[in-house]
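Worksheet: one structure, shown below.
The values are calculated or read from the model by the stated rules, or taken from the named source; none is laboratory data. The shown structure was predicted, so the numbers you read here are calculated from the model rather than taken from an experiment. Cβ placement follows ideal geometry from the backbone for every residue including glycine, while neighbour counts extend to all protein chains displayed. These area figures cover heavy atoms from the full protein model, side chains too; ligands, DNA and RNA do not enter into them. Shrake-Rupley method; radii C 1.70, N 1.55, O 1.52, S 1.80 Å.
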Amino acid sequence: MTKKELALEYHKKGYNCTQAVACAFCGEFGVSEEEMYKIAEGFGLGMGMMDTCGALTGLFMLIGMKNSGGVEQAGKTKADTYKKTREYAAKFKEQNGSYLCKELKGVETGKVLRSCPDCIRDAVALTEKYLAAQKDMEERQDSSPSVK
């Protein structure tokens, strides 16, 4: 099963959009599905307020998990993580016309820009691109001669 298929299955089971995206990648991050489900619960429905798309928020969570140096490196990775979330938000908006849940769902205009399943597919695809780019970068760093 692909990550997109897995995320869509989660959504069909009642997971919110954030949970569907984030839980599809639990294995890559060593986080249990139960734990990720709980962490992501408050971020669905555009963070509960129809603000930033929940599927995109799931991607942001995964960027943070991959990019952050954690508590031991507090502050050293934060600016780069913010930069990457802005970059991927822009990619999502370019694909979908917005990154706001209420706009994607056409709450005020009556014009739906993108369905939840489509937003989930797009967020999963962007997550896969992000993780592949990070892996490529890590492999290049590992294979480059060290400077002494």
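Remarks
- Over all other residues within a Cβ to Cβ distance under 12 Å of Leu126, the charged ones net out to +3, with Lys and Arg as +1 and Asp and Glu as -1.
- For the chain, the carbon plus sulfur part of the accessible surface works out to 52%, probe radius 1.4 Å.
- Across the alpha-carbon atoms of segment 1-100, the computed radius of gyration and Dmax are 13.5, 38 angstrom.
- Accessible area of the chain divided out per residue, in Å², using a probe of 1.4 angstrom: 59
- Pairwise centroid distance, computed over Cα atoms, of segment 75-89 with segment 94-140, Å: 17
- Cross-link reach is defined here as a Cα-Cα straight distance under 19 Å, omitting same-chain residues fewer than 8 places apart; for Lys105 the lysines meeting it are Lys12, Lys91, Lys93.
- Of all aspartates and glutamates in the structure, those lying under 19 Å Cα to Cα from Lys78, and not within fewer than 8 positions of it along the same chain, are Glu87, Glu138.
- For Lys13, the aspartates and glutamates whose Cα comes closer than 18 Å to its Cα, not counting residues fewer than 8 places off in the same chain, are Glu5, Glu33, Glu34, Glu35, Glu41, Asp118.
- Residues whose placed amide H lies under 5 Å from that of Thr52, excluding near-sequence neighbours: Cys101
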